[in-house]
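Each remark here refers to the structure printed beneath this line.
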Amino acid sequence: MRREYSFDKRDVLSLIIDSVHESLDRRHLELLVAIRHEGQLGRAADALALSQSAASHRLKEAERRIGVALTELDGRTLRLTPAAVHLAEVGEQ
């Protein structure tokens, strides 16, 4: 017998975000916030007193932990994905 389940999309999204948020620590969220505000990984690294290499490693670690791409290349410009923008917004709270 098949059961029908009813989920509110906002509830499901909230559960996913909470789970992802728990997988990342403050350092990861700070980096996403800095990239969002500075617009570039290098400037975000400077703002956090990190080398660009360390910031890049931290970003890759965050992506590995949650299994979601957080950036995408647009030509030579690194852009945050919609998921990363949302996480940055959560990190600002």
| remark: Any residue on another chain or 5+ positions along whose placed amide H is under 5 Å from the amide H of Thr71 is listed here as Thr81
| query | Arranged from highest to lowest average of other beta-carbon atoms within 10 Å per residue, in what order do the peptides 61-72, 31-42 appear? | reply | 31-42, 61-72
| remark: In this structure, the FRET efficiency calculated for Glu89 and Arg65 from their beta-carbon separation, with R0 = 22 Å, to the nearest 0.05, is 0.75
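Values in this text are rule-based calculations from the coordinates and carry no lab data. Fair warning: this is a prediction, and the values are worked out from it, not measured in the lab. We place every Cβ from the backbone using ideal geometry, glycine too, and count neighbours over all the protein chains shown.
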